[in-house]
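What follows is a short report on a single structure.
The values are calculated or read from the model by the stated rules, or taken from the named source; none is laboratory data. Remember, predicted model here, so these are calculated numbers, not experimental data. Neighbour counts run over all protein chains shown; Cβ positions are idealised from the backbone, glycine included.
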Amino acid sequence: MADARSGNGTAPIMELIGVSKQFLETAAVRDVSMSVYPSEVTCLLGDNGAGKSTLIKIMSGVYQPTAGGLRVDGHPVVLSSPRAAQALGIGTVHQDDGTLPLMSVSRNFFLGREPVKGWGPARRIDKKRANVMTVEQLTALGITRVTNGEQPVGTLSGGERQALAISRALYFGARLLILDEPTSSLGVREAGLVLRLIQQAKARGVAIVFITHNAHHAMTVGDRFTVLIHGKVAEQFGRGEQTREDLINLMAGGRELESLQAALEELDQSSGTDNSWTPPTASGIKRMPPADPSSFPLTRSEG
Amino acid sequence: MTRAAAGVGDEPGAGRYRLLQVRILRRLVRAPEFGVGVAAVLIYGFFAVVGGSRGFLTLTGTTSWLDTASQLGIIAIPLGLLMISGSFDLSIGSMVGAGSVTVGVVTGYLHQGLWLAVVIAAAVALAVGIGNGLLVARTALHSFIVTLAANLIVSGLGLAISLAVTGTTSVPVAVSGLSAKFFNWHWGQLSVSTFWWLAIALVGGWVLAKTRAGNWITATGGDPERARRAGVMTSRVTVCLFICTALASTFVGVLQAVQYTTGDPTTGQSYVFEAAIVVVIGGVLISGGYGTILGVVLGTLIFGIASAGLFYTGWDTNYADVLIGILMVVAVLTNNFLRRLATTTVKKGRLA
């Protein structure tokens with residue numbers, strides 16, 4: 001399952017080599033190898049319980065693999081904590097985006113790394129600078145509606161909060177950005193905003209790992225794809241090597257679903273009733289309203 | 001606080017609601033103590049009209065409610081910070097008694113200097129604060145349980161030690177000279193307690209609004225998990241604030257012992273509720289993550305005015321509790337409204 005050389009000829013930022021993670025009896029991740037390159041979006045896809053969350057927790061230093069290893073910039077590393085991963089330029093934006101709604105945009109942006117001025121007991125947060133820099137960073141990513149750093153985050157939309165979290169990670173030096181389901185709770189336009197941010201981060205040379213259930217979103221921005229089923233790599237391919245429908249089938253478990261669909265159709269015909277409800281299968285999805293044509297309604301986000 | 005959403009007539013319904021939401025939130029976040037301030041002025045005005053003829057407005061009347069507010073306020077400020085960080089401290093009640101009885105035993109019974117008593121009391125406070133803080137930060141136990149236990153342990157020990165050593169729970173205090181001036185001194189009729197309160201309020205307000213520590217306190221109360229992920233040392237925040245509440249309540253115990261010339265391990269239990277009440281009236285969210293020191297100060301003033309003011313109306317002073325109870329309900333409802341407003345995600349947000 002060795003990864004091909006990156007399309008643009010650069011060396012990978014991070015490599016996973018035969019990574020496994022065992023929780024007591026259960027193997028959450030089994031022998032996964034993948035490489036993440038700068039200026040590329042690597043999509044990590046799979047059903048609930050496929051091991052996506054475990055895998056990104058290994059990549060962001062929350063878990064240590066029970067077998068296999070990680071390389072960053074070609075050197076073997078042990079990511080002992082999220083902080084250690086951050087020090088190597090690995091930034092993670094979790095599904096809940098990590099913002100605090102009752103605090104201001106700039107206080108959120110600089111939380112834990114506040115710029116200060118003054119000495120001794122007079123040392124205080126440089127609010128003016130924090131506000132200016134926050135608005136600057138957001139504007140650079142195309143978020144123009146936030147013009148005041150004092151605005152509480154609770155007034156931002158879900159997409160804007162994701163944008164805040166992403167710009168924060170980038171500002172504090174992330175070269176590899178792990179995005180855990182950033183579009184799963186967003187509407188169509190909001191998801192579009194986040195996808196655009198992913199493109200922008202990619203254009204800056206950042207490597208992105210994009211976890212999603214939404215094959216459409218993945219196909220829009222992805223350069224390479226890894227599909228996990230039951231903790232194992234089911235398929236790895238590059239942009240344009242598979243159709244969207246192939247991808248949806250893969251994510252849903254492929255042949256398992258096809259046989260289920262066949263069984264359901266058989267049942268339908270034998271009962272003879274005109275059932276207007278379409279089972280939410282791969283073919284059913286294509287008939288969904290055009291707003292979000294290929295999101296997968298059977299699956300919900302993994303906590 | 002005008003509700004008029006002027007100039008948004010061309011927006012669809014969701015947009016108008018959203019603009020209104022943003023507008024109210026911005027205003028409240030800029031001045032969340034606005035409502036408390038209005039309440040304080042109204043209540044002062046009420047007692048000025050009703051109790052003015054009986055002396056509420058005189059210097060004596062004023063110092064009477066300032067005195068009530070001051071000692072309570074010294075505890076309420078660190079408690080406010082602690083509650084903003086998402087924890088609670090019930091052990092403040094017994095820490096007041098511990099401070100008080102320490103002064104009694106050391107000065108009145110052992111005939112040592114007041115400073116020695118202060119050092120011993122501070123050491124006890126430090127130990128209790130660290131104990132509370134570590135238990136809350138390191139275990140999943142709720143601060144309510146941890147500090148309820150601490151309150152029992154400290155008050156039980158205070159009584160037992162006081163009885164064992166001196167044979168009484170009301171130890172006379174013997175202090176004089178310069179050291180006593182720090183705790184019992186008057187400028188005109190103004191007690192030194194009021195100046196201590198002012199100083200602590202200024203420091204607390206500065207820390208919360210201006211410093212990194214303040215940012216960390218608010219974030220810890222907002223969501224400890226997210227704060228930790230962002231790099232905030234939430235355990236350190238919690239432990240430091242528990243030390244502050246313990247030190248402040250011990251300090252009030254020392255003030256009372258010197259001012260009333262009696263060391264009493266049972267004094268101060270009423271602060272357990274009163275301090276929490278004024279913090280909540282002051283606009284601090286019970287669940288943490290939001291609040292200001294000015295709000296807490298105004299909440300404390302309201303409490304002082306209401307409880308001392310009723311004395312000047314000639315009515316039954318028990319009505320003070322009724323008034324405070326009503327204010328608390330109003331404050332909590334306002335806070336909940338505010339939080340709902342701030343945490344409701346508007347789905348159809350307009351994007352540039």
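Residue selection: A:GLU150 fails the criterion of being at the interface with another protein chain (Cβ under 10 Å from one of its Cβ atoms), closer than 24 Å to B:ALA227 by Cβ, at pLDDT 90 or above and part of a loop (DSSP other than H, G, I, E, B).
Can you give me the number of residues within the stretch B:177-215 that are within 14 Å of chain A (Cβ to nearest Cβ), assigned to a helix (DSSP H, G or I) and free of Cβ contacts under 8 Å to residues at least 60 places away in the same chain? Walk me through how you get there before you give the answer.
Filtering the stretch B:177-215 for residues within 14 Å of chain A (Cβ to nearest Cβ) gives B:199, B:202-215.
Remaining after also requiring assigned to a helix (DSSP H, G or I): B:199, B:202-210, B:212-215.
When the remaining residues are screened for being free of Cβ contacts under 8 Å to residues at least 60 places away in the same chain, the result is B:199, B:202-203, B:206, B:210, B:212-215.
Residues flagged as within 14 Å of chain A (Cβ to nearest Cβ), assigned to a helix (DSSP H, G or I) and free of Cβ contacts under 8 Å to residues at least 60 places away in the same chain within the stretch B:177-215 amount to 9.
Among residues of the stretch B:216-225 being of a type outside the set (S, T, N, Q) and buried (at least 20 other Cβ atoms within 10 Å of the Cβ), the one that is nearest to the other protein chains (Cβ to nearest Cβ) is B:GLY222.
Only one of A:GLY154, A:GLY159 is in contact with an Asp or Glu (Cβ under 7 Å, 6 or more places away or on another chain) and in contact (Cβ under 8 Å) with a residue 24 or more places away in the chain; which? Outline the logic, then answer.
Details: A:GLY154 fails: in contact with an Asp or Glu (Cβ under 7 Å, 6 or more places away or on another chain).
Of A:GLY154, A:GLY159, the one residue that is in contact with an Asp or Glu (Cβ under 7 Å, 6 or more places away or on another chain) and in contact (Cβ under 8 Å) with a residue 24 or more places away in the chain is A:GLY159.
Here A:GLU190 meets each of (1) within 13 Å of chain B (Cβ to nearest Cβ); (2) among the charged types (D, E, K, R); (3) in contact (Cβ under 8 Å) with a residue 60 or more places away in the chain with one exception, condition (3). I need the full set of residues from the stretch A:220-246 which are over 17 Å from the mean Cα position of the chain (by Cα) and acidic (Asp, Glu), in order please. A:GLU235, A:GLU241, A:GLU245, A:ASP246 - these are the residues of the stretch A:220-246 that are over 17 Å from the mean Cα position of the chain (by Cα) and acidic (Asp, Glu).
State yes or no: is B:THR238 at the interface with chain A (Cβ under 10 Å from one of its Cβ atoms), touching a residue at least 60 places away in the same chain (Cβ under 8 Å) and surrounded by 23 or more Cβ atoms within 10 Å (Cβ to Cβ)? So B:THR238 fails the test.
Being surrounded by fewer than 19 Cβ atoms within 10 Å (Cβ to Cβ) and out of contact with any His (no Cβ under 8 Å at 6 or more places or on another chain) is the requirement here; does B:LEU208 meet it?
Details: surrounded by fewer than 19 Cβ atoms within 10 Å (Cβ to Cβ): no; out of contact with any His (no Cβ under 8 Å at 6 or more places or on another chain): yes.
No, not satisfied.
Of a type outside the set (Ser, Thr, Tyr), away from chain B (no Cβ under 14 Å) and without any contact (Cβ under 8 Å) to a residue 12 or more places away in the chain: which single residue out of A:PRO76, A:PRO38, A:PRO12 fits that description? Show your work before the answer.
Working: A:PRO38 fails: without any contact (Cβ under 8 Å) to a residue 12 or more places away in the chain; A:PRO12 fails: without any contact (Cβ under 8 Å) to a residue 12 or more places away in the chain.
Unique residue meeting the criteria: A:PRO76.
Working only within the stretch A:89-106, note down all residues that are in contact (Cβ under 8 Å) with a residue 60 or more places away in the chain and not hydroxyl-bearing (Ser, Thr, Tyr).
Here is the first cut: in the stretch A:89-106, the ones in contact (Cβ under 8 Å) with a residue 60 or more places away in the chain are A:89-95, A:97-99.
Selection gives A:GLY89, A:ILE90, A:GLY91, A:VAL93, A:HIS94, A:GLN95, A:ASP97, A:GLY98.
If I filter the stretch A:87-115 down to residues being touching a Ser or Thr at 6+ places or on another chain (Cβ under 8 Å) and farther than 30 Å from B:ASN336 by Cα, which single residue comes out as nearest to the other protein chains (Cβ to nearest Cβ)? Within the stretch A:87-115, the match that is nearest to the other protein chains (Cβ to nearest Cβ) is A:THR92. Residues of the stretch B:43-87 that are surrounded by 21 or more Cβ atoms within 10 Å (Cβ to Cβ) and not in a helix (DSSP H, G or I): B:PHE56, B:SER85, B:GLY86, B:SER87.
Here the stretch A:120-143 is the region considered, the condition is being modelled with pLDDT under 90 and more than 11 Å from every other protein chain (Cβ to nearest Cβ), and the residue that is nearest to A:GLY61 (Cα to Cα) is A:LEU141. Residues being surrounded by fewer than 18 Cβ atoms within 10 Å (Cβ to Cβ) and either touching a Cys at 6+ places or on another chain (Cβ under 8 Å) or within 14 Å of chain B (Cβ to nearest Cβ) (or both): count how many of those fall in the stretch A:196-209. Selection size over the stretch A:196-209: 1. Of everything in the stretch A:11-30 that is of a type in the set (A, V, I, L, M, F, W, C) and part of a loop (DSSP other than H, G, I, E, B), the residue that is modelled with the highest pLDDT is A:ILE13. Of all residues in the stretch B:313-329, those satisfying the criterion of being out of contact with any Leu (no Cβ under 7 Å at 6 or more places or on another chain), hydrophobic (A, V, I, L, M, F, W, C) and free of Cβ contacts under 8 Å to residues at least 24 places away in the same chain are B:TRP315, B:VAL322, B:ILE326, B:VAL329.
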